[in-house]
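Shown next, in structure tokens, is the structure this report addresses.
The values are calculated or read from the model by the stated rules, or taken from the named source; none is laboratory data. Computed from a predicted structure; not experimentally measured. In this analysis, Cβ positions are derived from the backbone assuming ideal geometry, glycine residues included, and neighbour counts consider all displayed protein chains. For accessibility, only protein heavy atoms count, side chains too; no ligands or nucleic acids. Shrake-Rupley method; radii C 1.70, N 1.55, O 1.52, S 1.80 Å.
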Amino acid sequence: MKNKIAVKVDDLTVAYNYKPVLWDIDLEIPEGVLMAIVGPNGAGKSTLIKSILGILKPIAGSVSIYGKPYEDQRSLVAYVPQKGSVDWDFPTTALDVVKMGTYGSLGWIKRPGLKQKKAALEALEKVGMLPFKNRQISQLSGGQQQRIFLARALVQNASIYFMDEPFQGVDATTEIAIINILKELRKAGKTVIVVHHDLQTVPEYFDWVTFLNVKKIATGPVKDIFNDDNLTKTYGINYKVSIQE
Amino acid sequence: MGTAILGAITGMLGSFAVLRKQSLLGDAISHAALPGIAIAFLITGAKDSNTLLLGALVSGLIGTFWIRGIITKTHLKSDTALGLILSLFFGFGMLLLTYIQKQPNANQAGLDKYLFGQAATLVERDVWLMAIVTGICLLVLLLFWKEFKILLFDADYTKTLGFNTKTIDILITSFIVLAIVLGLQTVGVVLMSAMLLAPAAAARQWTNSLGVMVILAAIFGAFSGVFGTAISATQNNLSTGPVIVIVASIFVLLSFVFSPSRGLLFKQIRFIKNRRDLELHKTLAFMYNIAETHEDITHPHAIKILNNFQGFTKGTLQKLVHKNYVKLDGNMWYMTEEGFKTASNLYNQQTTGDNE
Ligand SMILES: Nc1ncnc2c1ncn2[C@@H]1O[C@H](COP(=O)(O)OP(=O)(O)OP(=O)(O)O)[C@@H](O)[C@H]1O
Ligand SMILES: [Mg+2]
């Protein structure tokens, strides 16, 4: 049923210094999946996303989005960076950050207008942050900041979403709120790719999974490949999670 | 006049340097400009400021792009790269200056003003130049406001939206270099970076909006320029640069102490006030719990009971009486309707959290 390939990664190799942190990654992500990328700290999960999005330049390999180079398909792709990647003391408000999601479609020089503001407010509403729209971003809690980032990506109205640890530091309620939004996106036919650390919740939240540790260990439907064998291969130690079938 | 314009432009651009946490950048650029001045003098023999500033601009830009190169090509930290270029260029510049001073024919009187600045040597043409550059800078700032803002906040994300971050970055940096070079004659190489950073740092204390911050920084910078020049003019031979920078630093100091949201003074006052309020609320809540045990909420209780409650003082009781939440009757107290309502509201507030 799922035959269209949303994201295709070919022979991707990435290095910061001399030693590659990603080796020969081949990956096909079908359209409409909610996929987790799992792997230990330093496995290269963030690096993989950044390379797909053209933030980092790979040594070798290529990435295509719906069969075309990423550069031609930018408008189809949204990104939620790891929360710690920005300075939250920056003088701006929650609404302003969410508006940034519209900058891409605006292009150079043009300013966001009423239409963009409306879209931003809708996104804030969706993540339950409307009451905080005029808050200075440094005065938001970690979970609220995370939701602002999510809203900024929602505003982009993309087909494919890449999220780097959107559940980092959020409480149980927010986690459920976020996963519901992600599931809604999937229902709308979007493809969502999430770096995820909590292995216990993988089977519950996701339908697709990629194991990564410098090399790609495995990728496929959660029900087929989320097993102790792959976990052990990825995390090194004899890893066991109690997976309730 | 010239120094006011100068202060305004360095203040505006300084905001960007501060927010990028590139405090050293200003230092590096201004020091990198020194050899340019010396070389321009050696080649042309001219003391005409435009020629010398052109030299400064060229070597400032070379220094800046070396720094960028070092940061992207090697894995040195940006601070290290900045420091490296700074000392390298400044050392070379000083060497040249010393050499020039030893030349018998060289009338070098014009050159040392670039170390500490001398506003009195500004001529009308210099001021015009500054005004024009400031105008262009303002225009560019307005046009690319959105791009500057998003790059400063989240560079990686900006890239994914399809903006060429390198172009935006080069645009900002070039204007910072330009502003610094323009300031050399007035403020001098050594203190130029303070002129860039001080107004911006002061402005940051007063506002949480980027736009307001840039405007405030421009105003602070302009004032520092005017006052600094005025003060240094009263004294013969007093270099302008240090005086301007001292005025700007006073702005910073005042801002750090007095700003309402981030200042130390108000933080302290708020802290004390919050603690007092909290004590009051806690006592009220405790009384509420006791009063609740009775059907009649205004039923009197002994003051002694309250002594069991940590944090209770006569002062807080007085305040509650004063606010009409509690009434005293001998050594008994009872809660008023109003107090009861307030106390139960406290509970609700705590459970729903604050929503602005
Ligand atoms: N800017 C950088 N310069 C040099 N090395 C880096 C840089 N960023 C990451 N690395 C290295 O690349 C490897 C992969 O890092 P990456 O951030 O992709 O890991 P990750 O899987 O996202 O880890 P985490 O779970 O901690 O977020 C690590 O070994 C890290 O040390
Ligand atoms: Mg990561």
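Any chance the stretch A:151-171 includes a residue that's away from ligand 2 (no atom under 16 Å from the Cβ), of a type in the set (S, T, N, Q) and open to solvent by 50 Å² or more (accessible area, probe 1.4 Å)? Among the residues of the stretch A:151-171, at least one is away from ligand 2 (no atom under 16 Å from the Cβ), of a type in the set (S, T, N, Q) and open to solvent by 50 Å² or more (accessible area, probe 1.4 Å), which makes the answer yes.
For the stretch A:64-81, a tally of residues being at the interface with another protein chain (Cβ under 9 Å from one of its Cβ atoms), small (Gly, Ala, Ser) and either open to solvent by less than 30 Å² (accessible area, probe 1.4 Å) or in contact with a strand residue (DSSP E or B) (Cβ under 8 Å, 6 or more places away or on another chain) (or both) returns 1. Pick out, from the stretch B:141-231, the helices (runs of 4 or more DSSP H) lying fully within it that include 3 or more residues that are among the hydroxyl-bearing types (Ser, Thr, Tyr). Output list reads B:155-160, B:165-187.
This table checks each residue for (1) in contact with a Leu (Cβ under 8 Å, 6 or more places away or on another chain); (2) within 15 Å of ligand 1 (Cβ to nearest atom); (3) touching a residue at least 40 places away in the same chain (Cβ under 8 Å).
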{"position": "A:Ile37", "(1), (2), (3)": "yes, yes, yes"}
{"position": "A:Lys45", "(1), (2), (3)": "yes, yes, yes"}
{"position": "A:Leu95", "(1), (2), (3)": "yes, no, no"}
{"position": "A:Thr102", "(1), (2), (3)": "no, no, yes"}
{"position": "A:Trp108", "(1), (2), (3)": "no, no, no"}
{"position": "A:Pro112", "(1), (2), (3)": "yes, no, no"}
{"position": "A:Phe132", "(1), (2), (3)": "yes, no, no"}
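If you go through the stretch A:107-136 and keep only what is buried (at least 16 other Cβ atoms within 10 Å of the Cβ), in a helix (DSSP H, G or I) and facing another protein chain (nearest Cβ under 9 Å), you end up with just A:Phe132.
Of the residues A:Asp10, A:Asp96, A:Asp89, which is assigned to a loop (DSSP other than H, G, I, E, B) and out of contact with any Phe, Trp or Tyr (no Cβ under 7 Å at 6 or more places or on another chain)? When all the criteria are applied, what remains is A:Asp89. When we screen A:Gly84, A:Gly61, A:Gly54 for residues that are open to solvent by 10 Å² or more (accessible area, probe 1.4 Å) and within 13 Å of ligand 1 (Cβ to nearest atom), the only hit is A:Gly84. Of the candidates A:Thr102, A:Thr92, the single residue that is among the hydroxyl-bearing types (Ser, Thr, Tyr), buried (at least 17 other Cβ atoms within 10 Å of the Cβ) and at the interface with chain B (Cβ under 9 Å from one of its Cβ atoms) is A:Thr92. For the stretch A:47-88, the set of residues classified as of a type outside the set (Gly, Ala, Ser), away from ligand 2 (no atom under 16 Å from the Cβ) and under 16 Å from A:Ile29 (Cα atoms) consists of A:Val63, A:Ile65, A:Tyr66, A:Lys68, A:Pro69, A:Tyr70, A:Gln73, A:Leu76, A:Val77, listed by residue number.
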